[in-house]
Amino acid sequence: MMDLLVCFICTVTVYEHIWLCNNALHNVKNYNKMSAALNDLSSAPGAGIGSPNVSQAAVGYFVDQKKGEVNELKMLLKNINVERDVKRKRETIKKVIAYMTLGIDVSRLFTDMIMAIETKDIVIKKMVYLYLCNYAHKEPEMAIMCINSLRRDCDNENPLIRGLALRSLCNLRLESILEYIEQPLKKSLGDISAYVRKTAVIGILKLNSLSPTLVESNGYIAQLYDLLQDPDSNVVTNAIHVINELRMSEGGLQVTQGVVMGLLNRIVEFSEWGLNAVLDLVARYKPTSEDEVFAIMNLLDPLLRTANSGAVLATVKCFVRLTAASPSLHPQVYARAKPPMLTLINGVHSEGQYSMLKHLQVVLQQPAAAGIFDDEYRQFYVRYNEPPHVKHLKVELLPLIANETNARDIATELGEYVTDVDSELAKVAIRSVGRIVAKIPSAAEELTQRLVDLVDVDSAYVRSQAAIVLADVVRIHPAAKHLLLPHLCRWLRKVEDPAAKAALVWVLGEFGGEVLEAPYLLETCIDAYADEASATTKLHLLAAAMKLFFKRPPEMVAMLGRLLGRAVNDNSNQDVHDRALLYYRLLLADVDICRQLFVGEALCAVPTGQFAELTEDELRRRLFEEFNSLAVIYGMPSQRFIKDKFQLQLENAPMSDFDLAVPGLLHPPHEVASSPNPNPAPSPPKGAALVGSVNLLDWSDDLPEAASAGKPSSRLALRDPAVPLSPAGFQKGWAALPDAFSGRVCVLASSFPASAGDYEAQLREEKVLTIASGPLPGGAGVKLFVFAEADVSESPGDLLLLSQPAKETAAVQFLAQLVIQGGGTAGDREVQLTLKHTATSALDLPRRFIDVLLLALSQYSPIPQPLT
């Protein structure tokens, strides 16, 4: 039998070997057929790309798939057919960018991608530029090959290509090509296209990261200050950000009156992003007078109605900073900011809601904001579809706007949240009720009774949180203890949370003298000491036992001894061991001193009604200083999450404006005459330049008429200048001051003499001095630059927000350009006026100066009729 079994096994083994040999022979035949087919395919005309022989094809078939795809892309980039087909070339380069985005190394295609840059298709150029910027630092020698192409594209007739080429040139991050960047960068700063100019401004910042000394030595800072007057607001925005970055250690851009007023007169042109940059500068500006404060606030008031929360918060920050010297005005500021802030709180996006609520939390903690938002407490009730973080923050804000009138309504609403499925919301609601009790003494007893009822609710986390809050309540209002003490025995048995148990033990020790069974309740906790895992509960138990020992010595002496013995030998927590040892040694040293420590009068009372952790004045002050920033969202100063080298060192900023060459005139931080602005700013919108003198919510089509609408204006009493003004001083002041008015003022009869000397003589009689004059091209008229001074009685005009008393007289200087040319009917002449002045208050000065001008021109003809 055994022999048959062995014979059978051998037979099966032989057959198995025969089957394996047949399979192997079959696989070899199939492989030979596949190799022959590959040979035929590679030798046939029009064969597939990149397979010159069988061995290469076989190797390519078995290599890693990613490497094979990169090789295929390389062949496609070299294929002449792909080069001629723009659509296929786009798809090929798009695959290269896709692989690069996924982290696949496609640096082997660098040479081929450089060759692809020579195309007229802007989509391909964008992708090639992106590739070059990503891999140039890995192939610095090869990157030099693309410099000429990029510089050539910087001169392209298409401004989009010029901007893209300049951006890519600055993004290569190679110090070896700095000399090639400088010339295109300087040229682009004066480009006719705003897109190219704003790209060049950011290019200066990228150049600074490679060579700060090059930026300093080539005068780029002065050019950036010139670009603050650029016609395009996006260029101005970029210039502000870049100057702040370059001058971070010096406090950023130097904020002067000329800079601020020039930007404010164009505030309507800026995007939301630009508004935040400009308003940040305004918040850093220190006005020279109270009139200037009101004028700036009137200009900024319309921004409170924008839909952008950042712009609204920045405007509020400006208002608070501008009125820092007049704290009595802060309530009016918060009242003005109330409607837009409440509107944004109920916005569509939860992120915006949360941000606005965090900033409102800081505002509500300011003493000046007390009571302003109280009547809108229903706006802070939670909605069912709001995310949890918004709900929690709204509930935390309700105690801040609670008063004696609405406290009970708010507490009732908070009681509804206690039963919410969100346990954290329920806990926050209970804590908020406790804070209302602490804030409103008149409602303390009623609301404390509601908290007492919550301890009996059939919910562990509700019971625990209510017990914790009640312990805080009796610290602030000890008179409410009679509501708690009768229930202590039952609560100690029901509460399981360590923090809640610790709170009840504290109450027992603090008021145990009034609870008959207090020592025996504490004895239960002492006997269960070995089972207690919470160090907090053990520490409260030690303190409560010491307090109760001096109130009920006969009953507590044995219990205290057992407790101290167990705690001193407790090695599970060092704090518990040290505290027990301290109490033991205090008792041994002097019992009377120990009694004073534990049974003093109102040792744990909170007379201010607020706990220290809720009144961190220093933290609150620092957060308010960083209003409209991430510091408010994080609840901590920016120094804790931003390194010092990235902080704007405002303490190093200049304390005052630049030295004045001419009294009353401001000039930028570099010589205007030697650095003319290649892109002068256009005239501001009608009405925008009359700072604070008209109702800014209702622009008028005719500025002089609008200026006189509020009240009749008296003619200016011009006087001889105290300091003669030179042409250079006039040019400097003209470049620095904003336009107060620009437009037509009247039409003169054709019989009026056309000589510049005649105009000068008549203007001189009214004490308006001519700095320079000359004929217009073709003899079509004359142009005069004139200067005058006057003592003006400053009055605020129609202010939108606040009121102020009248001021004394102040010297004001007027700089004007008169252009008298043919423009009316029957040969009449049109008078165009561009006026600037040094007054900082909200006055109707343009109207009054025009009256002087009309009086001077009326000497040779009837009084001209103003254009309406």
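In the range 177-290, what percent of the accessible surface is made up of carbon and sulfur (1.4 Å probe, ligands and nucleic acids excluded)? Whole-percent figure for carbon plus sulfur exposure: 52. Shown in residue order for the range 218-233 are the 3J(HN,Hα) couplings computed by the Karplus curve 6.51 cos²θ - 1.76 cosθ + 1.60 at θ = phi - 60°: 8, x, 5, 4, 4, 5, 5, 5, 4, 6, 5, 9, 5, x, 8, 5 Hz (x for Gly and Pro). Under 5 Å from the amide H of LEU748 lie the amide H atoms of ARG829, GLU830, VAL831, each residue being 5 or more positions distant or on a separate chain, with H modelled from the backbone and absent for Pro and chain starts. For LYS538, the lysines whose Cα falls under 25 Å of its own Cα, not counting residues fewer than eight places away in the same chain, are LYS427, LYS481, LYS494, LYS501, LYS547, LYS551.
Excluding LEU264 itself, calculate the net charge of residues whose Cβ lies under 14 Å from the Cβ of LEU264, where each Lys or Arg counts +1 and each Asp or Glu counts -1.
Values: positive: ARG266, ARG284; negative: GLU269, ASP280, GLU292, ASP301, ASP739.
Taking every Cβ under 14 Å from that of LEU264, the sum is -3.
Using 0.36 nm per residue and subtracting the Cα-Cα separation, the extra length available between GLU445 and VAL86 on full extension is 121.1 nm. Evaluating 6.51 cos²θ - 1.76 cosθ + 1.60 at θ = phi - 60° for every residue in the range 573-579, the Karplus couplings come out as 9, 5, 5, 5, 4, 5, 5 Hz, glycine and proline recorded as x.
For the listed peptides 162-171, 206-215, 246-255, a ranking on the average number of other beta carbons within 10 Å per residue, highest first, reads 162-171, 246-255, 206-215.
Each residue of the range 353-369 is assigned a 3J(HN,Hα), and the resulting list reads 4, 5, 4, 5, 5, 5, 5, 5, 4, 5, 5, 5, 7, 7, x, 5, 8 Hz, derived from the Karplus form 6.51 cos²θ - 1.76 cosθ + 1.60 (θ = phi - 60°), x at Gly and Pro. With the largest listed first and rounded to whole Å, the semi-axes of the equivalent ellipsoid of the range 384-474 from the Cα gyration tensor are 19, 17, 10. Cross-link reach is defined here as a Cα-Cα straight distance under 25 Å, omitting same-chain residues fewer than 8 places apart; for LYS836 the lysines meeting it are LYS286, LYS686, LYS711, LYS732, LYS767, LYS783, LYS807.
Length gained on full extension, LYS78 to ASN569, computed as 0.36 nm times the residue gap minus the Cα-Cα distance: 168.5 nm.
Once Rh for the range 370-429 is found with the Kirkwood sum over Cα pairs, what is the Stokes-Einstein diffusion coefficient at 37 °C and 0.692 mPa s, in µm²/s? Walk me through the intermediate numbers first.
Values: Rh = 11.6 Å.
After rounding, the answer is 282 µm²/s.
Could you sort ILE97, ILE593, ILE436, ILE122 by their accessible area in this structure, using a 1.4 Å probe and putting the largest first? Show your work: numbers first, answer last.
Values: ILE97 20, ILE593 85, ILE436 0, ILE122 45 Å².
Largest to smallest exposure gives the sequence ILE593, ILE122, ILE97, ILE436.
Straight-line cross-link reach from LYS198 at under 24 Å between alpha-carbon atoms covers these lysines, not counting any fewer than eight positions away in the same chain: LYS120, LYS125, LYS126, LYS186, LYS187, LYS206.
Near ALA772, the amide H atoms lying under 5 Å from its own belong to PHE785; only residues 5 or more places off or on other chains count, and H is placed 1.01 Å from N. For the peptides 488-497, 129-138, 829-838, the ranking by mean Cβ contacts within 10 Å, running from highest to lowest, is 829-838, 129-138, 488-497.
The values are calculated or read from the model by the stated rules, or taken from the named source; none is laboratory data. A quick note: this is a predicted structure, and the numbers were derived from the prediction, not measured. Note that we place each Cβ from the backbone using ideal geometry, even for glycine, and neighbour counts take in every protein chain shown. Each accessible area value is taken on the protein alone, full model and side chains, heavy atoms only, with ligands, DNA and RNA left out. Shrake-Rupley method; radii C 1.70, N 1.55, O 1.52, S 1.80 Å.
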